[in-house]
């Protein structure tokens, strides 16, 4: 009897497994999305550089674009204003939070979280600036302007040199100071507070 | 009497009565049995005496939790948080493109999405930056009005991913909105696929514009920002895209110097919505009321303390308790007139207990901004005035 139950259970399991392997029949709605249709929408840029367009810009070129299109909200030197602070290389040896930071800070006021001390990927700057900035004319920057602004921001944050051109070859190779601080979510519910 | 003259008569009557009502000076209250009321009309509206309002800032507006009963948020009071305003999307021009690591990249119209097998689900939606307890004079709305609940209807993401034939190597997908921020988030596919929905309806009708009309991503229990609105594109990939909203924002600096990323699930939380600031209560019976919720499942218990945390008693939970949903709790209390502090503390089905702010600060440090879900409550002074218990969160 026990063996019979085992055999039936085994057959049932195999049946279930094979059912799980064949996905349900498609409903069959929608129309094929052609590469021509996808391309203009597909503007995202990944840390490995996938999605970066041809073009380039330097911090020198970026300075004038920044002054004209970004400074009104982010401050003349990226120190922040009505919008976020973007520039701030300090603290260089510790995170801008936590016990080491409190020791480093002493009695001084807090530093803001910036590209230099918090952002983990340089590609994110390009992706965001191109898709959403400037706030009064989102999506209006040329590719070269976006690269130049990214170069200016990285140079101001003391991550690249003023003369380093940013392009789809160079940008993914920029190592951000905060990169190694980022860890996945370890909360899982249960009694421990994390 | 024709219909038109009847209507004219009625509206004229209303006009003469309204100023008295507004001033509250009519010695003999309006006798509703002596005059016809309004006839049926096309669109309902609240009683003129009820004026619940969201409190807008340049980036968000908050739900008036203290004015609500039950757990469903009226759609026009659902909190808003957006990054470049509310776009006006023409439903006839709307298209959703799904591409990347799929065998069949497809484009869907709104009608296509509505033709798919549908599903309905009630769940809360909460912004992970939902903590406003910085002063004593904050209401529940200001304290945590960035949580709301709706009954959502749409097509399950798994249904759509089956049609595009998502490839086994795909582990993440990018969700992209068509607002002026072209807001994007990377979503871990395996964790999301079981419950994720593309919602086109909210509380029985089309989504509100500020909730992503015509289509939004719905991830029950996950931080609001990931529930991308005005959804125009989904790209499947084998790694996160590391957008601005999951790197420089919506990440949690911790006390140990690391930054927690993709902290998507909302931990359990509760709030007493009454009594609360700016109420004044009287001695005797007080029903302590509130809501509790957890992004990890069902609320198992809510404990209430009426003595500043020295003793805790279980509140009654309104049934049915739904997973990842606002749950009403109530606790019968006799106030003896002495100054005290009332608190609530939620426990969810994983055994997670809503922590004190001191415990949160210990592990997360001082500069963390998101996912703050501390035990909160209200002080009651001898004169019955209720204020936010600020010291409780000053850890």
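The values are calculated or read from the model by the stated rules, or taken from the named source; none is laboratory data. Everything quoted here is computed from the prediction, not taken from an experiment. Cβ sites come from the backbone with ideal geometry, for glycine too, and all protein chains shown count toward neighbours.
No other residue among B:391, B:319 is under 30 Å from residue A:111 (Cβ atoms) and either more than 14 Å from chain A (Cβ to nearest Cβ) or part of a strand (DSSP E or B) (or both) apart from B:391.
For the range B:257-311, a residue qualifies if it is out of contact with any strand residue (DSSP E or B) (no Cβ under 7 Å at 6 or more places or on another chain) and either surrounded by 21 or more Cβ atoms within 10 Å (Cβ to Cβ) or modelled with pLDDT under 95 (or both), and exactly one does: B:267.
When the residues of the range A:32-45 are filtered to those that are exposed (fewer than 13 other Cβ atoms within 10 Å of the Cβ) and not in a loop (DSSP other than H, G, I, E, B), the one that is farthest from the chain's Cα centre (by Cα) is A:32. Residues in the range B:235-259 that are touching a residue at least 40 places away in the same chain (Cβ under 8 Å), farther than 21 Å from residue B:81 by Cα and assigned to a strand (DSSP E or B): B:235, B:236, B:237, B:253.
In the set (1) within 20 Å of residue B:94 (Cβ to Cβ); (2) more than 9 Å from chain A (Cβ to nearest Cβ), the condition left unmet by residue B:163 is number (2). Just to be sure I understand, how many residues within the range B:333-370 are in contact with a strand residue (DSSP E or B) (Cβ under 9 Å, 6 or more places away or on another chain) and not in a loop (DSSP other than H, G, I, E, B)? Result for the range B:333-370: 15. Residues that are at positive phi and either in contact with a helix residue (DSSP H, G or I) (Cβ under 7 Å, 6 or more places away or on another chain) or touching a residue at least 40 places away in the same chain (Cβ under 8 Å) (or both) are absent from the range A:178-190. Here the condition is being at pLDDT below 95, within 14 Å of another protein chain (Cβ to nearest Cβ) and outside any loop (DSSP other than H, G, I, E, B); of A:6, A:20, A:10, it holds for A:20 alone. Out of the range A:46-70, which residues are farther than 19 Å from residue A:144 by Cβ and crowded, with 16+ Cβ neighbours inside 10 Å? A:46, A:47 - these are the residues of the range A:46-70 that are farther than 19 Å from residue A:144 by Cβ and crowded, with 16+ Cβ neighbours inside 10 Å.
Given the criteria closer than 19 Å to residue B:179 by Cα and in contact with a helix residue (DSSP H, G or I) (Cβ under 6 Å, 6 or more places away or on another chain), does residue A:124 qualify? So residue A:124 fits the description; yes. All conditions but one from (1) within 14 Å of chain A (Cβ to nearest Cβ); (2) part of a helix (DSSP H, G or I); (3) in contact (Cβ under 8 Å) with a residue 24 or more places away in the chain apply to residue B:210; the one that does not is (1).
Condition check: touching a strand residue (DSSP E or B) at 6+ places or on another chain (Cβ under 8 Å), assigned by TED's automatic domain parsing to the domain that holds residue B:65 and closer than 22 Å to residue B:122 by Cα. Does residue B:237 satisfy that? Spelling it out, it is not the case that residue B:237 is touching a strand residue (DSSP E or B) at 6+ places or on another chain (Cβ under 8 Å), assigned by TED's automatic domain parsing to the domain that holds residue B:65 and closer than 22 Å to residue B:122 by Cα.
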